[in-house]
Each structure stands twice: as structure tokens, then as C-alpha cells.
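**Student:** Pasting in a structure now, in C-alpha cells, and then I'll have a few things to ask.
Nothing in this text is a laboratory measurement; each read-out follows from the coordinates by a stated rule. Please read these numbers as outputs of a predicted model, since none were measured by experiment. Positions of Cβ are backbone-derived with ideal geometry, glycine not excepted, and every protein chain shown enters the neighbour counts.
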Amino acid sequence: MHLLTLIFGIVLLSKAYTLKCYECVPGISGTCTDTSKECPMQGQQCVAFKVTSYAGGSKVLDVNSKFCALAEECVEASVNFGIAKTVINSKCCTSDLCNNQPAPDPSKSNPNGKMCFYCDGQNCTNTLNCEGNQDYCTSSKVNAGGQTVTLKGCASKTICSTQTTQISGALGTEISCCQGNFCNSASSTSAGLLLLLAPLVSLVMLS
């Protein structure tokens, strides 16, 4: 009897420490509606997640989502290909339904002294000054409008370290990363995170 009481106590106690968060998974339109959801695992936090993409210095995509996630999925990251840049920002909290507001817009970042090559058309010898937390050089090939396009640039460590499932799902083309100024002159070796780049590259190619 005491054993059953202990088991039920543990089950009920674990239930009490499971957060309730807003969930919002954007569809094709990029918008979604908040719904309340109980997190499936202990230790998960409520997260507001934002993916912002820029082309030619102008914002072209801003996608917000909300979900339950582990603390390590609360990240700030960015990748910059010269012609296009994607910034990930998230805000985590630890009380019921605390992720009722979207993640804040990314703050302006300044050059950090790191330098990588980027591609402008077929020319991939242009110099790009990395910004903020971008401390790796990257190289990738994506399919944009039926064409294979080479992209090179700067990325943050989180992008290059195959981090979380939520980021992998939010973002879609495999990139490779390396450390050291201009190390992306040839194919890099360290496989990285997946990024949703093809639609953005298509927008740049068509503009």
C-alpha cells in the first residue's frame, strides 16, 4: 500500500512541474494562432522563437512561432551570405503561459573582426565582415529557381554545431563551417545545421 502511495505521489508530483505554454506553429502564410498546450517533458520551458531574413539590407521574412523546449534550445544565432542574412532570436521563460508575446526583433550587430569570403553571382572572392556572434566561415550550395547557387559567408557557432531539433525544423540546406579568416575559400569540412535558404535566395535572384 505504501509503495502504491509513493508511486502515485511521484506521478502527481511530476505532473505538477510540467509547464503549460502557448504553441503556435506557422503555416504557409507565415502566421499562426496561439493554443494552450501542456509540455510533454519535465524541465521544458516556454519559448517564443523568431526567424528574420534580410536581402539587400531589407527585411523580407519574419516568422514567429511558440512551443515547449529545453533550455539549450533558447538561442540567438545568425548566418550572413552577403546577399542575404538570417537571424534567429528566442525568448524563454519558466511560468505557465509566459510566452504570450513574440520574441524580440534582432538587435543591430557590429563587425567583430572576423572575415570570410562571400559570393556575388559566380564570383566567390568578395570579402565579408562578420558581425556579432558570427565566428565561423560557411559554404553551401542551394537550389534556387532550378539553378544551383553557391553561398559563402559568416555564421555563429550555434548554426554550425547541429544544435536543436526546433532550429533544424525551422530552418532547410546543409552548410559546412570552418574557423579562421577566409577559410571558406575551398570546400569546408565541418557539417552544420540546416537552413531555410532556398526561398530567400530565390527572392534575391528574382529581385
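**Student:** Counting other Cβ atoms within 10 Å, keep those with at most 13, restrict to DSSP loop, and tell me which trypsin sites (Lys or Arg not before Pro) in region 56-109 are left. Please list the in-between numbers first.
**Tutor:** Details: sites: Lys59, Lys66, Lys85, Lys91, Lys108; in loops: Lys108.
When the trypsin sites (Lys or Arg not before Pro) of region 56-109 are filtered for loop state and at most 13 Cβ neighbours within 10 Å, Lys108 remain.
**Student:** Beyond 25 Å between alpha-carbons counts as too far, so tell me which of Lys85/Lys157; Lys20/Lys91; Lys37/Lys157; Lys50/Lys152; Lys114/Lys141 fall in that bin. Each step should come with its number before you reach the end.
**Tutor:** Working: Lys85/Lys157 15 Å; Lys20/Lys91 16 Å; Lys37/Lys157 31 Å; Lys50/Lys152 23 Å; Lys114/Lys141 22 Å.
From Lys85/Lys157; Lys20/Lys91; Lys37/Lys157; Lys50/Lys152; Lys114/Lys141, over 25 Å: Lys37/Lys157.
**Student:** Tell me, what is the FRET efficiency for Asn110 and Thr150 to the nearest 0.05, using R0 = 35 angstrom and their Cβ-Cβ distance as r?
**Tutor:** Numbers: r = 27 Å, r/R0 = 0.77.
So the FRET efficiency works out to roughly 0.80.
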